[in-house]
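All of the numbers you see were taken from the coordinates with simple rules; none came from a lab. Everything numeric in this text was worked out from a predicted model, so none of it was measured. Heads up, the Cβs are rebuilt from the backbone with ideal geometry, glycines too, and the neighbour counts pull from every protein chain shown.
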Amino acid sequence: MTPATAITSFTLYNIIDLALALIAIVAITVFFVNRRVPRLLVLYLGLFFLFLGVSAANVFVDIHIAVDIARLIMILGMVIFAVVYQNDLKTIYFGLSKQKNVSKATDDELRNCVTEIVKACQSFSKFRTGALIVVSPTVLDEQICATGTRIDALVSAPLLQSIFYNGTPVHDGAVMLKDNRIVSAGCFLPLTDKSDLNKALGTRHRAALGVSQDSDVTAIVVSEETGIISCAQKGVFKRFLTPERLTDILCEVYLIEKNVKEKLQR
């Protein structure tokens, strides 16, 4: 069979079968990267091997109806997998993107960025100004950035303070930082669906937790009521942060060397 004949003989069923095989490979990858989905993975792979068995039996016995039913079940399983674990798949995507993308800012620029963020948060804490800052050295969700106002400016404490000033139109939303630049302001973030969250935490905290669950970012929150500085990473909150502790966290986010952190604290 020539390549041209092989291509023309491809049917819709062949394409679906290839897609199902690719989904099975993705499911295995998800299992090894994120161990939180083993039950659905086992179920899906069980269905996939059942489909392979039925397809193999169809070679010897004409049971094409059973093959079609098995194929339909696999497609439904694929849809359920994508819907139920969409956050896990998104997290994996951001993780892979982060590995492929390297920060374009220099160490000096990142040092200055960390210093400006910490200064701004100290001011917010002192004057009880509510703030929500999402930080990523590489990748941001463009859909979230599009919900706000594009800024595209270098990070500076005065600019952050002006954004979160109570009289500005964007002060209630989140500021999105990539590298040492402010990408957007006034952005809307997905709220966490955790039911065991402390009742004292408001909408900003729920949004910070939500965005950190869905992507590999660090969300810094300053409480308008208490002035407490917190941050969320991978769906976990760290509260009552001092400027020194916030500096440490941001240095880890930006992969700044330990000796660089010491320069920041002088």
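For each pair in Lys126/Lys178; Lys126/Lys194; Lys194/Lys234, compute the distance between the two Cα atoms and list the pairs where it is over 18 Å.
Lys126/Lys178; Lys126/Lys194
Of the chymotrypsin sites (Phe, Trp or Tyr not before Pro) found in the stretch 125-177, those that fall in a DSSP loop while having at most 14 other beta-carbon atoms within 10 Å are Phe127, Tyr165.
Among the trypsin sites (Lys or Arg not before Pro) in the stretch 167-258, those located in a DSSP loop and surrounded by at most 15 other Cβ atoms within 10 Å of their own Cβ are Lys194, Lys199, Lys234, Arg239.
The H on the amide N of Gly235, modeled in the peptide plane, is under 5 Å from the matching H of Ser212, Gln213, each at least 5 residues off or on a different chain.
For Ile228, the residues 5 or more places off, or on other chains, whose built amide H falls under 5 Å of its own are Ser223.
Quotient of the Cα radius of gyration of the stretch 104-265 and 2.2 N^0.38 Å, N being its number of residues: 0.94.
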